[in-house]
């Protein structure tokens, strides 16, 4: 099996892995990026069918994603705003469909007031706990031991208000039921966006798209790094690590380096064998962490 050496080996050629490789290269470090698929981009994937562009993966940039915005600008790529004009449609739990305009859902005044109170409470928690180390908060264990669904119902007896507030995180962000993640994770999501208010602000969240598709960001970085650096169809099977360095093995080659960066989704960590094994608590966390599920439907029209 061929053996190569570099300063840093990176597993995963998505935006994170390629961005790390790019920064390391600029710092004068030698880098090799190993990607399992036959393309770069990870969970961003832009396809073209009959001349139409389809974003099959992640596509949005929000104002709080300052690192991504800076990268897009540095690469010289252009963005365009999301279409926001027109009315919205609200479907109540009983299936009633209401067309409305404005920011707040078309619910009763008391429910609107309760939703605003819950948003204010979540804003306070997000500001106090912050995005960097939520586990250090004095009430972190308590908030992490209860689902967001049940936590909301501890704060309010208005079921519709709880249901609607839950949707902003469960349906809009994490794309899984509010019973499957903790209140602490919901607060972390809000803190990462700057506030819970930002998550419910239709003119803030998911604000822009990249001309040419989000995957083009990764494609451009990979082209800049070169094929000698970014190796496709090289699924990593094993990482051997110690205080003196790492050795990363695929089916076709072995790379020795001072350090390794694992830049793949957390649910894929367990597909790699580690020697020595990762800490037990970390393994348990990876085994139980769930990813959201999304179905995207695209429709094209001859005219706008």
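If you go through the stretch 36-57 and keep only what is at pLDDT 90 or above and not in a strand (DSSP E or B), you end up with 36, 37, 38, 39, 40, 41, 42, 43, 44, 45, 56, 57.
Note on the stretch 249-270: residues that are closer than 27 Å to residue 57 by Cα and either without any contact (Cβ under 8 Å) to a residue 12 or more places away in the chain or assigned to a loop (DSSP other than H, G, I, E, B) (or both) total 5. Only residues that are exposed (fewer than 10 other Cβ atoms within 10 Å of the Cβ) and assigned to a loop (DSSP other than H, G, I, E, B) were counted across the stretch 69-83, and they come to 2.
Residues that are more than 30 Å from residue 18 (Cβ to Cβ), assigned to a loop (DSSP other than H, G, I, E, B) and out of contact with any helix residue (DSSP H, G or I) (no Cβ under 9 Å at 6 or more places or on another chain) occur in the stretch 186-201; there is at least one.
Taken over the stretch 57-68, the criterion of being surrounded by fewer than 16 Cβ atoms within 10 Å (Cβ to Cβ) and either touching a strand residue (DSSP E or B) at 6+ places or on another chain (Cβ under 8 Å) or not assigned by the TED database to the domain that holds residue 18 (or both) is satisfied by 60 alone.
Scanning the stretch 88-108 for residues that are assigned to a loop (DSSP other than H, G, I, E, B), surrounded by 10 or more Cβ atoms within 10 Å (Cβ to Cβ) and in contact with a strand residue (DSSP E or B) (Cβ under 9 Å, 6 or more places away or on another chain) returns 92, 105, 106, 107. Residues of the stretch 225-248 that are in contact (Cβ under 8 Å) with a residue 60 or more places away in the chain and farther than 11 Å from residue 34 by Cβ: 225, 246.
Which one is modelled with the highest pLDDT among residues in the stretch 156-184 that are assigned to a helix (DSSP H, G or I) and surrounded by fewer than 17 Cβ atoms within 10 Å (Cβ to Cβ)? Of everything passing the filter in the stretch 156-184, 159 is modelled with the highest pLDDT. Looking at this structure, is residue 33 under 24 Å from residue 236 (Cβ atoms), assigned to a strand (DSSP E or B), at pLDDT 95 or above and in contact with a strand residue (DSSP E or B) (Cβ under 9 Å, 6 or more places away or on another chain)? Here the answer is yes, as residue 33 does meet what is asked. Say whether the condition of being in the same structural domain as residue 36 (by the TED database) and within 17 Å of residue 44 (Cβ to Cβ) is met by at least one residue in the stretch 234-251. No, every residue in the stretch 234-251 fails to be in the same structural domain as residue 36 (by the TED database) and within 17 Å of residue 44 (Cβ to Cβ). Here residue 267 does not fit the description of being at pLDDT 90 or above and within 29 Å of residue 167 (Cα to Cα). Conditions first: (1) closer than 18 Å to residue 30 by Cα; (2) surrounded by fewer than 18 Cβ atoms within 10 Å (Cβ to Cβ); (3) touching a helix residue (DSSP H, G or I) at 6+ places or on another chain (Cβ under 7 Å). Residue 225 passes all but one, so which condition is the exception? Evaluating residue 225 over (1) closer than 18 Å to residue 30 by Cα; (2) surrounded by fewer than 18 Cβ atoms within 10 Å (Cβ to Cβ); (3) touching a helix residue (DSSP H, G or I) at 6+ places or on another chain (Cβ under 7 Å) leaves (2) as the failure. Would you confirm whether any residue within the stretch 125-140 is closer than 21 Å to residue 202 by Cβ and surrounded by 13 or more Cβ atoms within 10 Å (Cβ to Cβ)? Scanning the stretch 125-140 turns up at least one residue that is closer than 21 Å to residue 202 by Cβ and surrounded by 13 or more Cβ atoms within 10 Å (Cβ to Cβ). Selection over the stretch 17-36 of residues that are free of Cβ contacts under 8 Å to residues at least 24 places away in the same chain and surrounded by fewer than 17 Cβ atoms within 10 Å (Cβ to Cβ) gives a count of 5. Taken over the stretch 282-301, the criterion of being touching a residue at least 12 places away in the same chain (Cβ under 8 Å), within 20 Å of the chain's Cα centre (by Cα) and surrounded by fewer than 11 Cβ atoms within 10 Å (Cβ to Cβ) is satisfied by 287, 293, 294, 296.
The values are calculated or read from the model by the stated rules, or taken from the named source; none is laboratory data. Predicted model only: the values in this text are computed from it and were never measured. Methodologically, a virtual Cβ is constructed for each residue, glycine included, from the backbone with ideal geometry; neighbour enumeration extends over all protein chains shown.
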